[in-house]
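Q: Pasting a structure below so you can have a look.
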Amino acid sequence: MWQNMGPGDLKTPALSLFFAFSTITLFKMKLSSLWRDHAVVQRDKQIVVWGSDAPPRTFIHATIGTSHAMGATSWDGRFELRLPALPVGGPYTLEVVCGDERCSCSDVLVGDVWLVSGQSNAEFPLMTFDPDDPLTQTQQYLDEGGTDPWIRCLTTENDFLDAHGLELAPGADWKLSDATTAPYFTAIGAWFALFIRKRFPEVPIGIIHSSRGGSPISAWLSRAALAETPEGRKLLEEDDAVCADELQWHQAQRVDMKLPVNFDWQDFETATERDRGNQGEGLGYARPEFDDSSWKEMKVPGSWMKQKIAGYGAIWVRRHVVLPESWAGQTLRLHLGGVDKHDMTYFNGTLVGATGKDFDTQYWDKPREYPIPGEVVKSGENLLAIRAFCFFFDGAFTGIPISYYLENTATGEKIYLSDGTLWKVLPEYEFVPNAVPYQSQLEPTVSPNSPHRLFDNKIVPLIPYGIRGVLWYQGENDADAVDTALLYKERMKALVFDWRRAWAQGDTFPFYFVQLANYDASEFCRQWLDVQDAQRRAYLETENTGLITATDLALFEPKDIHPHDKRSFGYRLALLALAGTYGDTSIIPQGPTLEYATPEGGSIRLHFRFAKGLAAKDGAPALKGFEVAGDDRVFHVAEATIDGEEVLLSSPEVAAPVVARYNAKVDLPEGNLVNGAGLPALTFIS
């Protein structure tokens, strides 16, 4: 059935027979979780294909397009093959063959792959930004060309393991950009991809999105990188001590679940209830002929708690949908935006899918996709019935209206289910938890944000998949304390070195960063400025990087840590890539960026990168936002004069300026320095 590497590998006949019979039924070769249908592969780089559970010590072959490689599996069935690079092209099928085992991926394109990482501003999807109209930015993206099958995105799921994750958490798949998938794409990644595609329409763009809201930079550094500094070693020692304490793990779970601070995790089962069991199916709630005329009505998507329909427990929703005659007997796929928490879903009385059990919380906002067999599909009126169960937090059907639809798998036709029609709803039963949901302000000691956890679980599984570069948007979480703010420059530089080493690409691996936007956070205003300037300094001290500012993009949102205009973020990141990676020398890639300052008697001179065409924005009569200080470090408003590609600062209150700063008001900065491309200057402290 499979080819041994050689007769000497198995020393005795008895051992050979034992080995064969004990393993022959266990083989189920798997590819890495990045190798899925619709993948985008990095052009002009080795194509690395790896996986596990193959027949041990056996020859293995891989082919994609004209590229081919052969190797051998390890004793535990792992393998890694490096295929020669391919130019832009596709679609291809990847074929991996090992003995009688075979894996394949179809519709694989060769283009450019970019990794988007960081915290919530990197994570926020297109549909998130306008609470009154969640389709606003999504529709703008689609109208500008976002229904593009050559833009593809893979989003890693959040997971929490105290170990290196060899594979991504389940749920990561490559999605083609269209009206139903794009709303869930990282907004900055989607816009970036769209702008690159417009410039290079022959090049497919793949976005691998691996971020986590509220995460510090230390969680994204490897253990080895943290161990290279005294501060990092101290952080590791403290974390190791915490991880050895079982009570700390319970504390982490308690806070993540937002239970009261004094709640004993061991009593969790007494705080709420398991599902009592599906009573509604026996009462006929899933059957088409059941009379639901007396049931209440509900808007889906939406929260049944906020609509004051029911509380914790189980509810049923029903929706009649009329199908054309051509759909009768066809296999369909049902798409649901998400359910908080569990669901059992029926079509014409037949259970077609179920997700979650007991106290599972990992499915609370995960879109569902369930196949519907053709034998239960008829023309005319059909019934969709969903039993949803919630035991804590909000109970809701999540997502946006276009996330709810039926798809004919043969033709690709779609019928949307949330077209304004209200769904019928009835609570099956309700209960009141013994522990009231509690929004704790405590940070769990052991959490995904602990040192190196996110690197281990959301970066390691991506290595060594070929990528073109990284878009990084993070720093807010490190601005809430003086110690992390002061360490940020070195940790940001360490991150670049760490990931370049992990991918074995060195300085050819570009990193493009976002400098923090303004934010009215008076309790840590100074640290916010320190992190902004640390980002600038790290950029200046690191090769093949770029830095955009977002200060002007959040000018009218000082209370919102998540600036809404992610289109402009994506555009500015694309400028960095077009100039720095794609070689367009006609582009000014970023705003004026302070390199250094030199005192000149009663003035101080500022020297910038990207200073061609310095001016006050919109032709204003004077520059604003500059301050200077002497040795006492007391800052005063400065008069600013443009002198070619430099700016000269002075103040009557400061006889001998030695330091300058710009846009130091993080709530409403008034700086207006731009370059000839109209790009605003980056915040700085000289």
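The values are calculated or read from the model by the stated rules, or taken from the named source; none is laboratory data. This is a predicted model, so every value here is computed, not measured. All Cβ positions, glycine included, derive from the backbone under ideal geometry; neighbour counts span all protein chains shown. Quick note on the areas: whole protein, heavy atoms, side chains included, nothing else; ligands and nucleic acids left out. Shrake-Rupley method; radii C 1.70, N 1.55, O 1.52, S 1.80 Å.
Q: Return the Rg/Rh value of region 607-686, two decimal places, where both radii are evaluated on C-alpha atoms and Rh is the Kirkwood radius.
A: 0.95
Q: First compute the accessible area of region 480-635 with a 1.4 Å probe, then give the percent of it belonging to carbon and sulfur atoms.
A: Values: 3350 of 6440 Å².
Looking at region 480-635 in its full context, I get 52 percent from C and S.
Q: Let me ask another. Rounded to the nearest 500, what is the 222 nm mean residue ellipticity of the chain from helices alone, with -39500 (n - 2.57) per DSSP H run of 4+ residues and division by all residues?
A: Details: 11 runs with 120 residues, N = 686.
Estimated from H runs of four or more residues: -5500 deg cm²/dmol.
Q: Could you pull out the pairs from Lys493/Lys665; Lys493/Lys617; Lys624/Lys665; Lys296/Lys366; Lys299/Lys357 whose alpha carbons sit more than 23 Å apart here?
A: Values: Lys493/Lys665 26 Å; Lys493/Lys617 32 Å; Lys624/Lys665 12 Å; Lys296/Lys366 26 Å; Lys299/Lys357 25 Å.
From Lys493/Lys665; Lys493/Lys617; Lys624/Lys665; Lys296/Lys366; Lys299/Lys357, over 23 Å: Lys493/Lys665; Lys493/Lys617; Lys296/Lys366; Lys299/Lys357.
Q: Still on this model: For a bin width of 20 Å, list the pair-distance distribution of the chain built from all Cα-Cα distances, rounded to whole %.
A: Percent of Cα pairs in each bin: 16, 44, 33, 7, 0.
Q: Would you mind computing Rg(Cα) / (2.2 N^0.38 Å) for region 568-613, counting N as its residues? It would help to have the intermediate numbers written out before the result.
A: Values: Rg = 14.2 Å, N = 46, 2.2 N^0.38 = 9.4 Å.
So the Cα radius of gyration is 1.50 times the expected 2.2 N^0.38 Å.
Q: Can you compute the equivalent ellipsoid semi-axes for region 48-101, i.e. the square root of 5 times each eigenvalue of the Cα gyration tensor, sorted largest first and rounded to whole Å? If you can, show how the numbers build up before the last one.
A: Numbers: eigenvalues 98, 20, 14 Å².
Largest first, region 48-101 gives 22, 10, 8 Å.
Q: Suppose we look only past 12 Å in the calculated P(r) of region 275-327. What percent of the Cα-Cα pairs does that tail hold?
A: Working: 1006 of 1378 pairs.
In whole percent, the long-distance tail amounts to 73.
Q: What are the semi-axes of the equivalent ellipsoid for region 372-422, taken as the square roots of 5 times the Cα gyration tensor eigenvalues, largest first, in whole Å?
A: Rounded to whole Å, the semi-axes are 25, 14, 11.
Q: Report the charge-dipole magnitude of the chain in Debye, nearest 20, computed about the Cα centre from +1 at each Lys and Arg Cβ and -1 at each Asp and Glu Cβ. Show your work: numbers first, answer last.
A: Values: 62 positive and 92 negative charges, 300 e Å.
Approximately 1440 debye in magnitude.
Q: Let me ask something else. From a point 7 Å beyond the Cα of Ile415 in the direction of its Cβ, which residues of region 332-358 have a backbone N at a distance under 17 Å?
A: 332-336, 346-350, 352
Q: Order the following by accessible area, largest value first: Leu115, Leu166. Probe radius 1.4 Å; ligands, DNA and RNA are ignored. Intermediate values should be presented prior to the final figure.
A: Details: Leu115 0, Leu166 125 Å².
Putting Leu115, Leu166 in descending order of accessible area: Leu166, Leu115.
Q: Semi-axes of the equivalent ellipsoid of region 63-152: what are they in whole Å, largest first, if each equals the square root of 5 times a C-alpha gyration tensor eigenvalue? Working shown, then result.
A: Working: eigenvalues 286, 60, 28 Å².
Gyration-tensor ellipsoid for region 63-152: 38, 17, 12 Å.
Q: Moving on. In Å², what does the accessible area per residue of the chain work out to with a 1.4 Å probe?
A: Numbers: 28850 Å² over 686 residues.
For the chain, the per-residue accessible area is 42 Å².
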